[in-house]
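Let me begin by presenting the structure, written as structure tokens, before commenting on it.
FYI, it's all coordinate maths here, none of it is from the lab. Quantities reported herein were computed from a predicted structural model and do not represent experimental measurements. Note: ideal-geometry Cβ built from the backbone for every residue, glycine included; neighbour counts use all protein chains shown.
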Amino acid sequence: MVNLPAARARAATPVRSEAAALRMEVRLLQQARVAVAQRDFGLAIQLLAEHARRFEAGRLAEEREALRVRALASLGRRNDARRAASDFEANFPRSPLLSTVRQMLDSEP
């Protein structure tokens, strides 16, 4: 005989941890966005690296990698930005962010 409340609690646990993980993903990306807005691109790169370490294939990996291209380009790291943009295109070929990522390479110094 299955104890239904206990079975429901076990089934709900992954959803809660998934939600907590997503909240942490969002928090890290928001911090990186703020760093970019404040032109602290070094901090943005650090936050994005932390996100990649903790959530390599996270739900927001696409957004993370697009923001990474922006931060690298803004730092003047053109070759790194080009490589990151190329990786972005290979990993997210149908991304709605792809044209924006391409434009980042043209618009930054």
Exercise. Looking only at Cα atoms, what is the convex hull volume of the stretch 64-109 per residue, in Å³?
Worked result: 51
Seminar exercise, completed: Computed about the Cα centre, the charge dipole of the stretch 4-107 from +1 Lys/Arg and -1 Asp/Glu charges at the Cβ has a magnitude in debye, to the nearest 20, of 240
For this session: State, to one decimal in nm, how far the label point of residue 60 lies from the label point of residue 26, with both points 7 Å from Cα in the Cβ direction.
Result: 0.8
Exercise. Tell me, what is the FRET efficiency for residue 39 and residue 91 to the nearest 0.05, using R0 = 25 angstrom and their Cβ-Cβ distance as r?
Worked result: 0.40
Exercise. In whole Hz, what ³J(HN,Hα) sequence does the stretch 26-40 give by Karplus (6.51, -1.76, 1.60; θ = phi - 60°), x for Gly and Pro?
Worked result: 4, 4, 4, 5, 5, 4, 5, 4, 5, 4, 5, 4, 8, 6, 9
Exercise. Each residue of the stretch 76-81 in order: what ³J(HN,Hα) in whole Hz does its phi give by Karplus 6.51 cos²θ - 1.76 cosθ + 1.60, θ = phi - 60°, with x for Gly and Pro?
Worked result: x, 8, 4, 5, 5, 5
Problem set entry | Pair-distance profile P(r), taking every C-alpha pair of the stretch 4-107, with 5 angstrom steps and integer % | 2, 13, 21, 20, 17, 9, 5, 4, 4, 3, 1, 0
